[in-house]
1. For the chain, modelled as a Gaussian network with Cα springs under 10 Å, which listed residue fluctuates most, 60, 288, 103?
2. Give me the extension gain from residue 307 to residue 113: residue separation times 0.36 nm, minus the current Cα-Cα distance, reported in nm with one decimal.
3. Using the per-residue mean of other Cβ atoms lying within 10 Å as a proxy for protection, in what order, highest first, do the peptides 251-259, 145-153 fall?
4. Once both labels are modelled 7 Å past Cα along the beta-carbon direction, what's the residue 139-residue 84 spacing in nm?
5. For residue 212 and residue 153, what is the calculated FRET efficiency with R₀ set at 25 Å and r taken between the beta-carbons, to the nearest 0.05?
6. Taking only C-alpha pairs under 8 Å that are 6+ residues apart, what is the relative contact order of region 280-335 in percent?
7. Taking 41 Å as R0, compute the FRET efficiency from the Cβ-Cβ separation of residue 298 and residue 35 and round it to 0.05.
8. Tally the DSSP beta bridges in the chain and give the antiparallel ones as a percent, rounded to 5.
């Protein structure tokens, strides 16, 4: 938000922004307002606006883009809806690293081939942009968290069989690292289990088949972060919560939320961080209303993986105390399947689990959350037919 003085208005000049940009622990610059943003829940395939002038510095980017939000939404539209699949060569780095529901992959050709196959299976798919949270600049590079609603009909063959002719209506999150018009790292969750479920397929059977195939890509040490809870067998110490150490710090707040809930096992953290009437949207199109629904999902994960430990890998945000904040949070973790809550009888297998959340904060409380984790990948790790470890 910017304030304009009366003199500035007369002279056609704008006063200095009320809030200065913040920085994360990595030094990344965070926008202090929503002057470059989509309206919440807008559901657009293309952003509105004047494409004739730039709203921010985009050195190294194509002239047609006005800002980083415009870039993300319009390249998605061009690749997926215009079906200019070759535009991937212009907007992704040749050695791009991509992490999705089925594990890590490297290089651009596999991405091009996978996009062709996806469009062949859902040729009329529409991609509605609901959110783009961003941070950074054209010198240090940008990061974006793009949430989109996907609606289309399954009319083509794909990995899981012939066309079902059913309507798909689900949502995805893609987090990108971008510089000089190229995405060189992407973390994307396609909500695969939700897609299979909506098309009438047996999700567990598909996960078992996928786990038995060579398509399941194990995560290497390069991709996995050390889980803080499991380091050296130390007991998990609670992190200070907002309000106990002075001014509201978004990054400290986000890290305390994840650590205290999952590593410290303090589910009452949710009562202090979430609004009573929070709206929550989760993996495989789960959704709920109120703190108890958020607690229920956290409790289910901890009951399924009793030794679960997580680490916050990335936090960035937009906003200020007056207008609130939109936060992108990505985390990774590991746990052993020793409980019954989510995926049937315990297998004793350890899984790699990771997820992304978009959090909307007002007055220090989360009023809305969109959260995905690699559920289909987790099921494939657990349900494959090779002998399981003893519980």
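1. 60
2. Stretched out fully, the residue 307 to residue 113 stretch lengthens by 66.0 nm.
3. 251-259, 145-153
4. 3.1
5. 0.30
6. 28
7. Between residue 298 and residue 35 the formula returns 0.75.
8. Bridges in the chain are about 90 percent antiparallel.
Each value in this text was obtained by applying a stated rule to the coordinates, not by laboratory testing. Computed from a predicted structure; not experimentally measured. Please note: Cβ atoms are built from the backbone with ideal geometry, for glycine as well, and neighbour counts cover all protein chains shown.
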